[in-house]
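Have a look at the structure below before the remarks.
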Amino acid sequence: MAEDRPILALGSAAFAISEYAAVLKRYQIDTIPLTGLTNNAGVTKAVADAVATRTTSGKASYVAFIWFFGTSQFSPFDENMLSSLTQNGCRFFSGGGAGYDDVGTEWMTSEGAYYCNTPTAITVSTANGALMLILAATRPLIQGDMYTKAGKWRGDASIPAGLIPYGEDIEGMTLGIIGLGSIGKALAVRAQACGMKIIYNNRRRILESEENGATYVSMDDLLATSDVISVNCPLTESTRHLLGRTEFSKMKTGVFIVNTARGAIIDEEALVEALRSGKVSRVGLDVVEHEPKIHPGLLDPSLSYRVTLQPHTTGRTTQAFYKGELQIIKSVDEFMRGERPEYAVNDPKI
Ligand SMILES: O=CC(=O)O
């Protein structure tokens with residue numbers, strides 16, 4: 001066990017238990033328990049305290065810091081939280097999750113530190129979740145659920161939302177995927193099995209052999225011709241509010257919108273307006289702009305029966321988190337062996 005190159009971990013593996021137990025034997029790993037931690041400030045202090053305990057006793061400080069799934073409420077994982085580590089020689093970070101908009105990767109690069117995400121762990125779970133929300137939106141699933149539980153069965157003229165409308169079959173519909181990355185591609189395969197025609201838009205067209213049957217179109221064409229739009233791109237400064245008032249105005253009336261990527265890619269004010277006007281028929285959202293706060297318009301009884309919400313959990317299956325923990329373990333192992341980790345998203349000068 002390398003006492004001179006210790007690792008700090010926030011939390012512990014919950015799925016890849018035996019694989020992580022083997023890692024605990026290979027390396028000196030100190031663990032910050034999650035119990036009692038409620039926010040970013042608490043984690044920032046716990047990290048600084050752990051570093052100080054080592055340095056003041058003359059021991060080597062941490063070379064790597066890892067955090068597992070179920071810690072996103074502590075984000076951002078940035079300079080403010082982690083500088084006590086890099087100042088004392090930490091050059092590796094890895095966290096559970098495909099998206100890393102809440103991780104200070106540019107700062108890590110400037111510190112000569114890697115950041116490794118878990119790029120493919122949640123591909124299947126999120127693609128299945130997106131399909132689930134497409135079906136929930138195109139069939140009035142949530143309205144049926146609300147009515148049935150309220151003892152109203154299929155509804156009647158005495159209630160504001162009236163009778164449950166007919167659902168729509170997705171067979172023959174056009175699905176516009178914004179962001180044909182690994183999740184978008186997996187969704188394309190699933191949606192084609194349901195008879196949908198797939199178009200997509202990315203910053204740039206990908207190789208035809210990797211398009212999985214999807215056709216590249218301009219953003220304007222995607223907006224104008226999709227019956228269902230699924231957001232599957234990462235959140236960056238150029239995708240923030242990618243779908244706003246102008247974009248909604250270009251969509252077909254009655255379009256269905258699904259977002260399993262990041263809430264802030266859609267301007268929620270504009271989305272609520274588009275729901276109110278009928279431009280958007282129904283939505284399925286796993287993510288919202290200011291999690292965990294929900295825009296009041298989406299909860300308004302006059303709209304909420306057309307809104308299926310999930311608490312950012314479509315990626316969250318036991319299989320996905322198991323795979324993700326294995327990917328964190330693989331990355332830390334590669335770093336400790338002096339290799340460039342396969343899942344590094346940045347290219348620091350080491
Ligand atoms: O949203 C979940 C992730 O990015 O892994």
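The values are calculated or read from the model by the stated rules, or taken from the named source; none is laboratory data. All values reported here derive from a predicted model rather than from experimental measurement. When we count neighbours, we look across all protein chains shown, and the Cβ atoms used for this are built from the backbone with ideal geometry, even at glycine. Please note that ligands, DNA and RNA were not included when accessible areas were found on the heavy atoms of the full protein model with its side chains. Shrake-Rupley method; radii C 1.70, N 1.55, O 1.52, S 1.80 Å.
A few remarks follow.
- Positive dipole terminus of region 123-309, leading residue within 213, 272, 147 (C-beta point charges): 147
- Taking every lysine pair in region 123-309 that is 8 or more places apart or spans two chains, those with Cα atoms closer than 19 Å amount to 4.
- Computed Rg/Rh of region 123-309, alpha carbon atoms with Kirkwood Rh: 0.96
- Rolling a 1.4 Å probe over the heavy atoms of the protein chains gives the chain an accessible area of 46 Å² per residue.
- Estimated D of the chain in µm² per second, where Rh is the Kirkwood radius over Cα pairs and Stokes-Einstein applies at 37 °C, 0.692 mPa s: 150 µm²/s
- Region 109-194, accessible surface, carbon-and-sulfur percent (1.4 angstrom probe): 59 percent
- Accessible surface, 1.4 Å probe, highest first, among residues 269, 237: 237, 269
- For region 248-350, with all protein chains in place and a probe radius of 1.4 Å, 53% of the accessible heavy-atom surface sits on carbon or sulfur.
- Toward the positive end of the charge dipole of region 136-203, with +1 on the Cβ of Lys and Arg and -1 on the Cβ of Asp and Glu, the farthest Cα among 199, 173, 162 is that of 199.
- Neighbourhood charge, 10 Å Cβ-Cβ cut-off, centred on residue 240 and excluding it, Lys, Arg +1 and Asp, Glu -1: -3
- Region 170-228: trypsin sites (Lys or Arg not before Pro) falling in loop per DSSP and having at most 14 other Cβ within 10 Å: 203, 204, 205
- Each helix, a run of at least 4 DSSP H residues, gives -39500 (n - 2.57); summed and divided by the residues of the chain, these come to -10500 deg cm²/dmol at 222 nm.
- Order of exposure, largest accessible area first, which applies to 255, 217 with probe 1.4 Å: 217, 255
- Pairs of Cα atoms nearer than 8 Å and 6+ residues apart set the relative contact order; for the chain it is 18 percent.
- Potential lengthening between residue 221 and residue 237 on full extension [0.36 nm per residue; Cα-Cα distance subtracted]: 3.5 nm
- Helix 17-26 and the longest principal axis of the Cα set of the chain meet at an angle near 20°.
- Degrees, to the nearest 10: 40-56 long Cα axis against longest axis of the chain: 10 degrees
- Modelled spin labels at residue 273 and residue 156, positioned 7 Å past Cα toward Cβ, are 3.9 nm from each other.
- Within region 160-315: Cβ-based charge dipole about Cα centre, in debye rounded to nearest 20 (Lys, Arg +1; Asp, Glu -1): 60 debye
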